[in-house]
């Protein structure tokens with residue numbers, strides 16, 4: 001067996017009436033765990049290696065607490081001891097390797113690794129995750145399998161209670177699971193679990209951040225960060241702007257935003273931006289958009305499809321107010337830009 005495991009978490013899970021996991025809350029997941037902790041898991045639980053999800057009883061938690069103390073992992077030892085008081089199932093999820101999840105407990109661990117900033121977007125394998133997650137009603141009484149919701153609502157009404165349904169989705173609010181340090185969020189319903197919000201990020205009320213996406217540093221988000229899109233430090237997304245989801249912009253283009261970029265209000269991108277790029281308010285650029293490249297004298301030196309500019313730095317995209325043509329200016333010389341565009345040829 002390897003002397004290190006990819007990740008593990010002790011969590012509290014919720015199951016439906018059939019015993020299937022709806023979700024698992026991991027308060028302190030760990031990544032790249034050392035041999036001593038791995039030994040503690042092997043000697044005190046039924047974990048036998050590989051990627052595994054186990055339900056722990058009080059005796060298991062007692063043994064795990066002592067083993068983790070012996071291993072010097074004080075944080076996880078204290079958590080194991082505290083979870084003995086749980087009236088809900090206690091879950092141990094161990095990921096020996098970073099492979100596609102095989103059950104909801106594994107998927108939730110990976111999503112929370114991202115939201116805890118222990119892993120960046122695209123660094124954990126999430127292939128096939130949607131097929132594992134159960135469509136869930138997120139309610140004032142916790143998560144409920146949507147197929148069981150009507151019966152639960154009737155039972156609550158008979159007892160004089162009303163169950164408020166906040167959303168029906170396979171993903172919950174991130175903030176109900178993780179609140180990273182140094183962020184501000186205007187509306188928690190607009191941040192899905194699995195989002196990565198860097199220190200110093202503010203997401204205003206109309207901003208949105210999907211799973212496996214987000215910011216790596218300080219950013220102001222008033223627009224939409226779609227699934228898979230990563231925004232670099234110091235970049236701002238103006239009100240109502242949009243980023244196409246990864247791989248949806250055209251062909252094999254990965255949509256991302258570099259550092260110190262500005263996407264204006266109601267603008268949008270279907271290409272990646274390098275560092276220090278600006279997109280004029282109201283301008284939507286798709287991979288196939290024709291763009292007139294201007295030199296330092298505002299003369300057109302070439303017309304290209306926007307995908308050829310994807311990932312380039314120091315670009316200003318604007319729309320000509322007279323002709324309506326999309327134009328691109330750069331602080332590079334026309335010769336330098338032309339060389340950059342054709343460097344892959």
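Read the figures in this text as sums done on the coordinates, not as results from a lab. Predicted model, so just to flag it, every value in this text is computed and none were measured. No Cβ is skipped: glycine too gets one built from the backbone with ideal geometry, and neighbour counts run over all protein chains shown.
Angle check, please: helix 58-71 long axis (alpha carbons) against the longest principal axis of the chain (alpha carbons), in degrees 0 to 90, nearest 10. Here the helix axis deviates by roughly 60 degrees.
Taking 7 Å steps out from each Cα toward its Cβ at residue 70 and residue 135 produces label points 4.9 nm apart. When peptides 67-80, 113-126 are sorted by average Cβ neighbour count within 10 Å, with the highest value leading, the order is 113-126, 67-80. Between residue 148 and residue 120, the contour length at 0.36 nm per residue exceeds the alpha carbon distance by 6.6 nm. Using C-alpha pairs below 8 Å separated by at least 6 residues, the relative contact order for the chain is 9 percent. Taking the DSSP bridge list for the chain and keeping only pairs wholly inside it, about 55 percent are antiparallel. Shape class for region 5-132, computed from the alpha carbon gyration tensor (a ≥ b ≥ c): oblate, with a/c not under 1.5 and a/b at or below b/c. Each part gets one Cα centre, and for region 171-207 versus region 3-82 those centres are 26 Å apart. Compactness of region 261-322 is given as radius of gyration and Dmax, 10.9, 28 Å, from Cα positions.
Report, in whole Å, the centroid distance computed from the Cα atoms of region 280-309 and region 140-160. The two parts, judged by their Cα centres, are 54 Å apart. Take 306-319, 259-272 and order them by the average number of nearby Cβ atoms within 10 Å per residue, most first; the result is 259-272, 306-319. Report relative contact order for region 174-341 in percent, whole number only (criteria: Cα-Cα under 8 Å, sequence separation at least 6). That works out to 12 percent. Taking the C-alpha atoms only, the angle from helix 35-44 to the longest principal axis of the chain is near 40 degrees.
For region 193-287, just say rounded, prolate or oblate: build the C-alpha gyration tensor, square-root its eigenvalues into a ≥ b ≥ c, call rounded for a/c under 1.5, and beyond that prolate if a/b exceeds b/c, oblate if not.
It is rounded, given that a/c, with a ≥ b ≥ c, falls under 1.5.
Net length available on complete extension from residue 78 to residue 34 is 14.1 nm, with 0.36 nm assigned per residue and the Cα-Cα distance removed. With contacts taken as Cα pairs under 8 Å and at least 6 residues apart, region 5-132 reaches a relative contact order of 32 percent. Rounded to the nearest 500, the 222 nm mean residue ellipticity of the chain from helices alone is -5500 deg cm²/dmol, with -39,500 (n - 2.57) taken per DSSP H run of at least 4 residues. Between residue 266 and residue 303, the simple label model (points 7 Å from Cα in the Cβ direction) yields a spacing of 2.6 nm.
Ranked by the mean number of other Cβ atoms within 10 Å per residue, highest first, peptides 206-217, 134-145 order as 206-217, 134-145.
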